[in-house]
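The values are calculated or read from the model by the stated rules, or taken from the named source; none is laboratory data. All of these numbers come straight from a predicted model, not from anything done at the bench. We place every Cβ from the backbone using ideal geometry, glycine too, and count neighbours over all the protein chains shown. For accessibility, only protein heavy atoms count, side chains too; no ligands or nucleic acids. Shrake-Rupley method; radii C 1.70, N 1.55, O 1.52, S 1.80 Å.
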Amino acid sequence: MGKAKKKKSQAPVALVYTITLLVFMAVFGYIAYELIKQMGSWKKEETTSNVETDPSFNLLFARVEKTGALLDSAVVRFSPNEDKVFVVPVSAYTVSSSGGGTLAEVYETNGIRQLENAVEGTFGIKVDAYITVSKTSFETVCDIIGGIVYTPQEDLYKLSANDADDISYQGGKAVDLSGHMVARILEEKVFSDGWKGNNTFLGNVLEQLVNNAFQQSNFTKNSLENIYSQLTSGGDTNYTKNEFTDNKTYINEMLDNRLNKPAVLMVPDGTWTDEVHFSPASTFVNDLKEVFSRRVTKSGGASFGISSDSDDTASAAETTMATAKAIAE
């Protein structure tokens, strides 16, 4: 009988098959890696295009007498992306950082434009537009919104030639105040801490008016045009109707969110060197700068680059290619 044929080893075939498979996997992994990188690039472009600019804006309201005297002022920052309205009451007795005189003196000498510059310089913030508001306009807007409910922390008492204008409120007892009575309290030195108390009261009034406006959102949306007209009627302003129309879109969006209390009150902290000179503290100015310089986007900031899933896939592809190369060698 002839010799039996030797059975050929299948190892070379298996090796070729394995190398071919690994090479194929490496090529496929590389193609997938490139596709994922491209998808990551598309995602980055899409994210970039969806990032919204910050629509916040800052308004300076200066309440003035018929005689041309500055009574008080306030800076109000609307921040739609934060759903907040920052309220900063500013006493007329605040000392300007530029000249040493008070804001009342700045306004009396140089008018609203220089007052705007003085407020910006003193507090380190940017004002987008200013509005001088008469006492009558202020009272009317207060009444449009519905006035406020105020609980004095002390007894407030001041007689007037007109009995209807008497200030007589008991500490700890809540009272409804119309716009007229709010103005009466603001113009009299009835607080135990002098004009400092008036500035704190102004902040409390504005805070409550903002919150009240948002708590009756539908009514406020229908009243915005009237409020703008009342505030700007007969006064000096650079807040144009077109700017108001643009801003109104964002205010309406905030009102649609049914915010309960969006107002954030920031009463200036500092030193009263005497009854008619107030210097804001540097710590307060720095805090205010931080708030007013904040640029917030609703997207919460874009996240660029390839996602973690993409990174994992790329890593697997690179590993497979390295393995195939090692086997081939």
*asked:* If I ask for residues that are at pLDDT 95 or above, open to solvent by 80 Å² or more (accessible area, probe 1.4 Å), within 16 Å of the chain's Cα centre (by Cα) and not polar (S, T, N, Q), which ones from region 254-308 would you list?
replied: 261, 287, 289, 290
*Say whether the condition of being of a type in the set (A, V, I, L, M, F, W, C), assigned to a helix (DSSP H, G or I) and either touching a Phe, Trp or Tyr at 6+ places or on another chain (Cβ under 6 Å) or within 19 Å of residue 140 (Cβ to Cβ) (or both) is met by at least one residue in region 215-225.*
yes
*Residues in region 142-163: is at least one touching a Phe, Trp or Tyr at 6+ places or on another chain (Cβ under 7 Å) and under 29 Å from residue 289 (Cα atoms)?*
no
_What's the number of the only condition in (1) touching a strand residue (DSSP E or B) at 6+ places or on another chain (Cβ under 8 Å); (2) free of Cβ contacts under 8 Å to residues at least 24 places away in the same chain that residue 170 fails to meet?_
(1)
*In region 95-113, how many residues are open to solvent by 40 Å² or more (accessible area, probe 1.4 Å) and either closer than 25 Å to residue 242 by Cβ or more than 26 Å from the chain's Cα centre (by Cα) (or both)?*
8
*May I ask you to list pairs of residues, at least six apart or on different chains, whose Cβ atoms are under 6 Å apart, with the first in region 238-252 being under 22 Å from residue 115 (Cα atoms) and the second being of a type in the set (Val, Ile, Thr)?*
239/131
*Among the numbered criteria (1) free of Cβ contacts under 8 Å to residues at least 12 places away in the same chain; (2) in contact with a Leu (Cβ under 6 Å, 6 or more places away or on another chain); (3) crowded, with 16+ Cβ neighbours inside 10 Å, which single criterion is violated by residue 217?*
(1)
*On the given criteria, is residue 186 in a helix (DSSP H, G or I), within 23 Å of residue 94 (Cα to Cα), touching a residue at least 40 places away in the same chain (Cβ under 8 Å) and hydrophobic (A, V, I, L, M, F, W, C)?*
yes
